[in-house]
Amino acid sequence: MDANQTSVVREFVLAGFSERPAVEAGLFVLFLLFYVSTWVGNVLIMVTVASDSRLNASPMYFLLGNLSFLDLCYSTVTTPKLLADFLDNAKLISYDQCIVQLFFLHFVGAAEMFLLTVMAYDRYVAICRPLHYTTIMSRRLCCALIAASWTGGFVHSTVQTILTIRLPFCGPNQVDNFFCDVPPVIKLACADTFVIELLMVSNSGLISTCSFVVLVSSYTTILLKIRSKEGRRKALSTCASHLMVVTLFFGPCIFIYARPFSSFSVDKVVSVLYNVITPMLNPLIYTLRNKEVRSAMSKLWNRSRLTRKKEET
């Protein structure tokens, strides 16, 4: 390939879910409902934690508020473009926009992985060292761990993006997914990508797999350290919501990124699961299983009703 022919492709075509307009219109309504639910649920958690001094002072709920913010960002990276493409037969995305989407997808996604690992450490300290919990998980440490999660996500995404933009693209230009991600994009490169794939799998695959192993190990340690059946039941109940989130988020990520891209066959259902469904389900999982959050939301709702009544009178 001549060097002058590199990066000839200036736009990509995103694969849709169907070629039938009626089906696409139905999917637009469905995914719009998912996206609105994601915003409502996550914003509600953020507002509830911020407005309730007791929840805001708790490390667990402070981290939960930050997780909700990451879920909002993660969903917004891909869903608005997906909704627009349901109404547009062309489904085009420029090269620059594709790279930006790819960067933020991995930036926010990796930051969320690290934050979920931090939340597992928080549960370990709360259950195994309850007398020292508030001392160890101080607000200063929580902020430092959140900053480290964002920094780790930024470094990871920067590596992925640099490796991608160094590749030449001269056609074909159809991305076999509904958003720009590393595996389907680098398959379109006009060069041997074996070494790049190896580096990317080592990066993304190891981060997702190692984080998942650390998370499972931490919860296993928690259960093993508690001797009584009643204590173990309570610990399992406390960690159950977190385990559900971890499984929903890490399972598809490991499936997507922890294997060579050359043998990669895009499963759009898996992509929808961790890009659209999981950010929507996280607020439901936490609020439905958490009495404190439900109680704080109820108080917030009652305060807002009283405020409206006073304004009306």
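The values are calculated or read from the model by the stated rules, or taken from the named source; none is laboratory data. Source: prediction; values computed, not measured. All Cβ positions, even for glycine, are placed from backbone atoms using ideal geometry, and neighbour counts span all protein chains on display. For the accessible areas, the whole protein counts, side chains as well, though only heavy atoms, and no ligand, DNA or RNA atoms are used. Shrake-Rupley method; radii C 1.70, N 1.55, O 1.52, S 1.80 Å.
Only one of these conditions is not met by Gly251: (1) surrounded by fewer than 17 Cβ atoms within 10 Å (Cβ to Cβ); (2) at pLDDT 75 or above; (3) farther than 27 Å from Thr76 by Cβ. Which number is it?
(3)
Please list, ordered by first then second residue, the pairs with beta carbon atoms under 8 Å, 6 or more apart or interchain, first in the range 290-301 and open to solvent by 80 Å² or more (accessible area, probe 1.4 Å) and at pLDDT below 75, second of a type in the set (Val, Ile, Thr) and in a helix (DSSP H, G or I).
Pairs found: Arg294/Thr287.
Does Leu92 satisfy the criteria of being of a type in the set (A, V, I, L, M, F, W, C), within 22 Å of the chain's Cα centre (by Cα) and at pLDDT 90 or above? Step through it out loud before you land on a result.
Numbers: of a type in the set (A, V, I, L, M, F, W, C): yes; within 22 Å of the chain's Cα centre (by Cα): no; at pLDDT 90 or above: yes.
No: the conditions fail for Leu92.
Could you count how many residues in the range 150-189 are in contact with a Ser or Thr (Cβ under 8 Å, 6 or more places away or on another chain) and without any contact (Cβ under 8 Å) to a residue 60 or more places away in the chain? Break it down stepwise before answering.
Applying the first criterion (in contact with a Ser or Thr (Cβ under 8 Å, 6 or more places away or on another chain)) to the range 150-189 yields 156, 160, 167-170, 177-179, 181-182, 185-187.
Cutting the leftovers down to without any contact (Cβ under 8 Å) to a residue 60 or more places away in the chain gives us 156, 160, 167.
Here the count works out to 3.
For residues that are of a type in the set (D, E, K, R) and within 25 Å of the chain's Cα centre (by Cα), scanning just the range 176-218, find the one that is nearest to Met113 (Cα to Cα).
Our first condition is that a residue be of a type in the set (D, E, K, R); within the range 176-218, this holds for 176, 181, 187, 192, 197.
If we keep only those that are within 25 Å of the chain's Cα centre (by Cα) too, we end up with 176, 181, 187, 197.
On the way: Asp176: 25, Asp181: 17, Lys187: 25, Glu197: 21 Å.
Selected residue: Asp181.
How many residues are open to solvent by 30 Å² or more (accessible area, probe 1.4 Å) and either in contact (Cβ under 8 Å) with a residue 40 or more places away in the chain or over 17 Å from the mean Cα position of the chain (by Cα) (or both) when one looks only at the range 95-106?
4
Of all helices (runs of 4 or more DSSP H) completely enclosed by the range 1-88, which ones contain at least 2 residues that are aliphatic (A, V, I, L, M), open to solvent by 50 Å² or more (accessible area, probe 1.4 Å) and touching a residue at least 12 places away in the same chain (Cβ under 8 Å)? Give the steps one after another, and end with the answer.
Details: elements: 21-51, 53-57, 59-86.
The helices (runs of 4 or more DSSP H) meeting that bar are 21-51.
Within the bounds of the range 195-215, is there any residue that is aromatic (Phe, Trp, Tyr), over 30 Å from Ala90 (Cβ atoms) and out of contact with any Phe, Trp or Tyr (no Cβ under 6 Å at 6 or more places or on another chain)?
No: zero hits.
When you go through (1) touching a helix residue (DSSP H, G or I) at 6+ places or on another chain (Cβ under 6 Å); (2) of a type outside the set (Ser, Thr, Tyr); (3) in contact (Cβ under 8 Å) with a residue 12 or more places away in the chain one by one for Ile136, which number turns out not to apply?
For Ile136, the exception is condition (3).
Could you check the range 219-248 and list, in sequence order, the residues that are part of a helix (DSSP H, G or I), open to solvent by 20 Å² or more (accessible area, probe 1.4 Å) and polar (S, T, N, Q)?
Thr220, Thr221, Ser237, Thr238, Thr247
So for the range 220-234 (the condition being over 30 Å from Val13 (Cα atoms) and modelled with pLDDT of 80 or more), does at least one residue qualify? Let's see the steps before the verdict.
First, the residues of the range 220-234 that are over 30 Å from Val13 (Cα atoms): 220-234.
Then keep just the ones that are modelled with pLDDT of 80 or more; that gives 220-221.
Taking every residue of the range 220-234 in turn, at least one turns out to be over 30 Å from Val13 (Cα atoms) and modelled with pLDDT of 80 or more.
Scan the helices (runs of 4 or more DSSP H) fully inside the range 130-195 and keep the ones with 3 or more residues being buried (at least 16 other Cβ atoms within 10 Å of the Cβ) and not aliphatic (A, V, I, L, M).
Counting at least 3 such residues, we get 139-165.
Please work out which one of (1) free of Cβ contacts under 8 Å to residues at least 40 places away in the same chain; (2) touching a Leu at 6+ places or on another chain (Cβ under 9 Å); (3) not hydroxyl-bearing (Ser, Thr, Tyr) is the condition Leu92 fails and give its number.
(1)
Of the numbered conditions (1) farther than 26 Å from Glu112 by Cα; (2) modelled with pLDDT under 85, Asn173 fails exactly one; give the number of that condition.
Going through the list (1) farther than 26 Å from Glu112 by Cα; (2) modelled with pLDDT under 85, Asn173 breaks only (2).
Residue check, Asn42 against (1) touching a Leu at 6+ places or on another chain (Cβ under 6 Å); (2) modelled with pLDDT under 90, all met but one. Which one?
(2)
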